[in-house]
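> Take this structure first; my questions come after.
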Amino acid sequence: MKKMLTLIFSFLVTCSLSSQTVFAETFENWSTPGTFLEPNNWFTSNTLYGIFGVEETVLRTSDAHSGSYAANLVSQADPEGSTRLGAFMTQGSPISGRPLYLTGWHKFITDGDTVSYYVNLTRYDASVDSTKTVGNVSFDIIEGQSEYVAFSQAINYTSPENPDTVFITIAISDIIPSQTVAYSLDDLSLGSSSGFSRLTNQRIGIFPNPANEFIGVTPFSGAVQVSFYDVSGRLTEATTLHAGVRFINTSSLKNGVYAVTFASAKNGLLGNEKLVISR
């Protein structure tokens with residue numbers, strides 16, 4: 001039985017998230033439906049605030065987790081300058097399947113503010129000509145992050161039926177008028193995985209996987225920073241892997257799923273892998 005579980009976990013680790021994804025937003029495509037540039041298929045506060053002369057609050061940024069662009073939600077001063085206005089973006093998309101997680105990568109410059117997510121999965125019932133909610137998740141981001149980290153939230157289902165549409169709203173508040181708040185978001189997806197898949201340059205071998213007290217990795221020619229993030233996107237452990245070293249002690253990690261990132265001072269992010277700790 002233990003061998004079978006190991007094989008199942010190993011299969012899940014090597015599968016790309018794209019094969020399990022029912023909704024994905026990489027924020028690569030933007031257009032100008034009105035005054036400001038906006039991510040395709042999203043309705044944002046740019047449209048609403050632009051009527052009143054407020055600068056754009058949802059911006060395209062090249063400071064991305066992957067690809068060329070990410071979305072950057074920022075606060076802006078109102079025309080009178082007495083308060084700061086938050087930002088929001090929302091959309092509805094058809095989906096198929098039954099996603100288990102909302103995942104993404106984000107960073108947050110904050111002074112005590114909040115980013116709120118509202119996700120509603122619905123299904124149209126033709127027999128009664130109405131739409132009903134079959135699943136949802138809502139949560140707040142309050143902790144600042146200076147670099148991109150992964151986040152993952154499980155979908156709460158209230159019906160055994162599969163949804164056919166997802167509605168997503170992301171909103172940011174700003175409670176201190178004198179300071180700007182900024183929230184960057186990239187690689188947002190709904191899928192059956194908790195979101196830790198290979199998104200970057202090269203595959204880095206990790207073994208065994210699931211692991212217990214240690215992992216072996218492909219040796220590097222120079223020093224590499226190795227960071228472990230849990231499913232909430234929190235950095236749980238970091239270590240430096242020196243040239244030629246093949247093993248990392250993982251005895252301090254609790255059972256669970258982790259995103260392991262590998263970076264060097266010279267070449268930046270080298271890649272990331274999904275790791276399961278199971279004892």
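> Which condition number in (1) surrounded by fewer than 21 Cβ atoms within 10 Å (Cβ to Cβ); (2) among the hydrophobic types (A, V, I, L, M, F, W, C); (3) under 30 Å from Glu161 (Cα atoms) is the one that Val54 fails?
(3)
> Oh, and also: Quick check on my filter: what residues within the range 39-56 are free of Cβ contacts under 8 Å to residues at least 40 places away in the same chain and not in a helix (DSSP H, G or I)?
Asn40, Ile51, Phe52, Gly53, Val54, Glu55, Glu56
> Quick check: is even one residue across the range 209-222 among the aliphatic types (A, V, I, L, M), modelled with pLDDT of 90 or more and not assigned by TED's automatic domain parsing to the domain that holds Ala263?
No, the conditions are met nowhere in the range 209-222.
> List the number of the failed condition for Gly244; all other conditions in (1) exposed (fewer than 12 other Cβ atoms within 10 Å of the Cβ); (2) closer than 24 Å to Ile141 by Cβ hold.
For Gly244, the exception is condition (2).
> Considering only strands (runs of 3 or more DSSP E) fully contained in the range 80-137, which possess at least 1 residues that are under 19 Å from Asp164 (Cα atoms) and either hydrophobic (A, V, I, L, M, F, W, C) or without any contact (Cβ under 8 Å) to a residue 40 or more places away in the chain (or both)?
It comes to 101-109, 115-125.
The values are calculated or read from the model by the stated rules, or taken from the named source; none is laboratory data. Every value quoted in this text rests on a predicted model; they were computed, and no experiment measured them. Cβ: placed from backbone, ideal geometry, glycine included. Neighbour counts: every protein chain shown.
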